[in-house]
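Asks: Before we start, here is the structure in question, set down as structure tokens.
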Amino acid sequence: MTDWKFMARQLVKNPLSLAGIIIIAIFVVLAIFAPLIAPPPEGHLNHYMIPRDGYSATPQLPSEEHIFGTTEGQYDIFYGVIWGTRSAFHVGLVVIGIVVAIGIVLGSLAGYFGGVIDEIIMRITDIFLAFPALILAMAIVAAIGPSLRSVMIALTVVSWPSYARLIRGDILQVREEDYIEASRGIGASNFRIIMRHALPNAIYPTLVMASLDIGAVVLAAAALSFLGLGAPEGYADWGQLTSFARNWIVGPSGDPLRHWYAVTIPGLFILFFVLGWNLLGDAFRDILDPRLARR
Amino acid sequence: MEDLIKIRGLSVRFHTYEGIVHAIEDLDLDIRQGETLGIVGETGSGKSMTALAILRLIPYPGRIESGSIAFCDRDSGGELELLKLREDRMRAIRGNKISMVFQEPGAALNPVYTIGDQISEVFLLHRRQELGRQAKQRVDGLLSDGNGLAASLKRPFWHWQRRLYEKIAQESNPFEPRFLSHLPLFRRLLWRLTDEAKLLTVDMLKDVEIPDPARVAIHYPHELSGGMKQRAVIAMALACSPELLIADEPTTSLDVTIQAQMLELFRRIKVEKGASVLFITHNLGVASEVCDRVSVMYAGRLCEVASVEELFLHPSHPYTKALLDSVPMPGKELRTIPGALADPLNPPSGCRFHPRCPNAMPVCQQERAKLKEISKDHMVACHLF
């Protein structure tokens with residue numbers, strides 16, 4: 001348990017990692033209490049659909065009723081960004097969770113057994129890595145039909161190879177250690193050696209990369225949504241909100257910043273979310289570095 | 001004395017890009033019950049490979065090409081051919097009947113687990129039935145003593161645990177506990193097994209003379225000194241009272257004072273547990289301290305095997321003589337063996353030692369010498385005899 005205390009102390013000690021924790025904590029609170037912060041109107045069936053106030057294309061300035069204003073199609077920006085936090089966590093955590101799981105299984109098989117298995121798995125990852133990630137993701141979403149689920153599938157497909165590769169490399173390094181030989185010498189099975197001896201020593205770089213990548217995945221999902229390849233229209237999603245504001249980035253002549261809020265507010269949410277995970281990832285790297293002196 | 005291990009015609013080769021490396025060639029070696037057999041030789045002479053071959057842990061791209069290793073199991077009385085055993089039966093032997101102590105005590109311990117965790121693992125792998133029996137007794141005690149509200153609430157769980165431990169104690173790998181051990185929450189029903197293993201671990205640490213064993217057990221490897229780590233590694237190897245303990249240069253990385261303690265420990269263990277020890281070293285002084293018999297290897301081949309006194313007083317193979325001559329002595333100029341160690345990729349023809357041998361004859365270049373018994377228990381592979 002002293003390890004946990006040590007980690008907690010390290011996290012709080014560095015102001016940047018503390019900032020990361022606070023940012024992510026705020027987003028967690030926003031996501032959990034979304035129904036209280038932005039209560040859905042009476043009779044609203046799907047809470048993830050942003051309520052709209054009319055059908056006019058021109059965004060409305062922030063007002064009493066819509067504190068962040070409305071975007072194209074009179075969707076309420078405040079409601080959108082608050083409920084969009086849930087979408088962001090959903091996409092980021094699910095995609096990274098699946099990707100890490102695939103990476104651990106394939107990477108440790110390839111790294112531990114080597115030989116033909118390694119060759120087959122690594123050549124498959126090479127094929128996937130040969131495509132530009134975002135373009136491949138776009139093609140996949142376009143092929144299976146735009147929706148939030150397709151975006152998640154596409155992002156999973158394009159990001160697992162780098163995890164498989166990373167874990168393979170670390171397992172390959174750990175495999176040569178004497179304690180792996182020693183655990184073979186006490187009669188442990190291959191499965192046990194991978195799970196109990198190799199992975200715990202090889203997993204840290206992956207955890208760091210995963211925490212950094214949650215932000216990156218959300219960013220990629222927002223990019224796909226911005227291109228119209230994401231959630232259905234009106235679904236609370238930051239990428240979609242920026243997409244609505246695409247025509248209003250520059251306002252009418254003589255007042256170019258008239259509709260600043262339409263693109264800036266969802267943009268800031270994306271920015272802080274990604275920044276928070278990046279700071280947290282750096283903090284993880286500092287904590288999990290085994291060369292760091294403990295106690 | 002009965003032979004514990006009989007190695008016959010063992011050959012190990014490494015298929016590398018540069019060519020085939022003959023790590024061990026046609027090795028015949030016996031390890032007797034209760035003796036300490038030393039293997040001495042230079043780096044690359046195949047000492048460690050012999051040890052790894054017995055455990056069948058030759059690393060890729062090495063392969064055991066031919067030969068046989070017979071293991072006389074004291075408990076079952078039967079003779080097992082280790083090289084033909086199925087992998088799962090071999091796993092049941094490693095760490096249980098034959099165990100190994102590695103050279104670097106620091107590297108042989110997993111940095112992410114405590115000493116106690118790592119030694120318990122040996123018990124959990126090989127002594128499950130005994131642990132199950134003890135855990136069941138403990139639960140039985142709780143069931144008969146437990147009174148009051150808390151106990152009556154816990155009673156159903158104790159009954160379940162008792163049933164599980166009973167199964168573990170009876171069968172070798174029962175289905176229900178094995179299935180539950182893969183489920184996150186139910187796994188905790190089996191925690192008493194780990195607890196019993198921890199108790200045995202503390203006893204084991206006490207056995208290798210670690211002061212305050214209960215406290216050391218919860219330390220991580222990097223928190224201990226080199227000597228302590230080596231003691232922990234030895235405790236791990238001895239956990240299941242193996243019949244053969246293989247020690248691969250166990251004292252090389254330690255201070256001389258700690259070395260002396262380790263040698264003392266090995267001697268005591270051998271007497272107490274009645275185990276045979278295969279002691280691999282390149283230090284002749286250490287070999288003379290602990291071994292009953294010593295074998296000398298050169299470039300993957302056996303040169304000479306004899307009892308310690310015989311070997312040190314009457315060395316017969318020219319290589320053994322040269323080795324003994326090159327031991328540094330105060331007041332004497334250090335003599336070295338001329339030439340370099342045989343290239344394992346292109347070994348010399350005939351006797352591998354002939355390019356460096358002062359007594360080389362024409363026949364040495366063509367033919368390798370067979371192992372001959374020149375006096376009782378003294379075998380030499382040389383054309384001189």
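Asks: Bin width 10 Å, alpha-carbon pairs only: give the P(r) of the protein assembly as shown as whole percents, running from 0 to the bin holding the largest distance.
Replies: Answer for the protein assembly as shown: a P(r) of 3, 12, 18, 18, 16, 13, 9, 6, 4, 2, 0, 0 percent.
Asks: How big is the C-alpha Rg of segment A:80-195 next to the rule-of-thumb value 2.2 N^0.38 Å, as a ratio?
Replies: Compared with the compact-globule rule of thumb, segment A:80-195 sits at 1.32.
Asks: Could you name the lysines in cross-link range of A:Lys5, using Cα to Cα under 18 Å and dropping any fewer than eight places away on the same chain?
Replies: Excluding near neighbours in sequence, the set is A:Lys13.
Asks: Express in nm, to one decimal, how much length is gained between B:Thr43 and B:Phe312 on full extension, taking 0.36 nm for each residue of separation and deducting their alpha carbon distance. Kindly include the intermediate steps, with their values, before the conclusion.
Replies: Numbers: separation 269, 0.36 × 269 = 96.84 nm, distance 2.06 nm.
Separation in residues times 0.36 nm, less the Cα-Cα distance, equals 94.8 nm.
Asks: Further question on the same structure: Which value, in Å³ per residue, describes the convex hull spanned by the Cα atoms of segment B:236-385?
Replies: Per residue, the Cα convex hull of segment B:236-385 comes to 147 Å³.
Asks: Specify the residue with the greatest mean-square fluctuation among B:Gly41, B:Gly78, B:Gly331, computed from a Gaussian network of chain B linking alpha-carbon atoms under 10 Å apart.
Replies: Evaluated over chain B, the most mobile residue of the options is B:Gly331.
Asks: As a test of understanding, state the convex hull volume per residue of segment B:1-115 from its alpha carbons, in Å³.
Replies: Value for segment B:1-115: 151 Å³ per residue.
Asks: Let me ask something else about it. What whole number of Å gives the distance from the Cα centroid of segment B:111-136 to the Cα centroid of segment A:85-103?
Replies: 37
Asks: Using 30 Å as the Cα-Cα cut-off, could you pick out the over-long pairs in B:Lys47/B:Lys273; B:Lys270/B:Lys376; B:Lys229/B:Lys321; B:Lys167/B:Lys270; B:Lys97/B:Lys167?
Replies: B:Lys229/B:Lys321; B:Lys167/B:Lys270, as the Cα separations exceed 30 Å there.
Asks: From largest accessible area down, sort B:Thr43, A:Thr156; use a 1.4 Å probe on the protein chains.
Replies: B:Thr43, A:Thr156
Asks: Here's something else I'd like to know. Using only Cα atoms and rounding to the nearest 10 degrees, what angle (0 to 90) does helix A:148-175 make with the longest principal axis of chain A?
Replies: The answer is roughly 20 degrees.
Asks: Can you give me the C-alpha center-to-center distance between segment A:138-168 and segment B:1-69, rounded to a whole angstrom?
Replies: 50
Asks: A further question on this structure: Students often check this: by mean Cβ neighbours within 10 Å, which of B:251-262, A:38-49, A:174-185 ranks highest, and how do the rest follow?
Replies: A:174-185, B:251-262, A:38-49
Asks: So if I take the centroid of the Cα atoms in segment A:222-295 and the same for segment A:28-80, what is the distance between those two points in Å?
Replies: Each part's Cα centre sits 18 Å from the other's.
Asks: Just order B:97-107, A:159-169 by mean Cβ neighbour count inside 10 Å, highest at the front, would you?
Replies: Descending mean neighbour count gives B:97-107, A:159-169.
Asks: Hey, any idea what the orientation-averaged projected area of the convex hull of chain A's Cα atoms comes to, in nm²?
Replies: Numbers: hull surface 78.7 nm².
So the mean shadow area of the Cα hull is 19.7 nm².
Asks: Let me confirm one metric for peptide B:86-96, namely the mean number of other chain beta-carbon atoms within 10 Å of its residues' beta-carbons.
Replies: Average per residue, whole number: 3.
Asks: Let me ask another. How well do other chains shield peptide B:107-114, expressed as the mean number of their Cβ atoms within 10 Å of each residue Cβ?
Replies: Mean number of neighbouring Cβ atoms from other chains: 6.
Asks: Then there's this: For segment A:210-249, build the convex hull from the C-alpha positions and give me its volume per residue in Å³. Intermediate results must be reported in sequence, preceding the final value.
Replies: On the way: hull volume 2.6 nm³, N = 40.
So the per-residue hull volume is 65 Å³.
Asks: Right, here's the next one. Out of every Cα pair in chain B, what percent are spaced more than 32 Å from each other?
Replies: Details: 31474 of 73920 pairs.
The answer is 43 percent, as a whole percent.
Asks: Tell me the angle of helix A:260-288 to the major Cα principal axis of chain A, expressed in degrees between 0 and 90 and rounded to the nearest ten.
Replies: Helix A:260-288 and the main axis of chain A meet at about 20 degrees.
Asks: Also, quick follow-up: Relative to the first principal axis of the alpha-carbon coordinates of chain A, what is the inclination of helix A:133-144, with its axis defined by its Cα atoms, in degrees from 0 to 90 and to the nearest 10?
Replies: Here the helix axis deviates by roughly 70 degrees.
The values are calculated or read from the model by the stated rules, or taken from the named source; none is laboratory data. Treat the numbers as computed from the prediction; the structure is a model and nothing was measured. Cβ atoms come from the backbone with ideal geometry, glycine included; neighbour counts cover every protein chain shown. These accessible areas exclude ligands, DNA and RNA; they are computed on the full protein's heavy atoms, side chains included. Shrake-Rupley method; radii C 1.70, N 1.55, O 1.52, S 1.80 Å.
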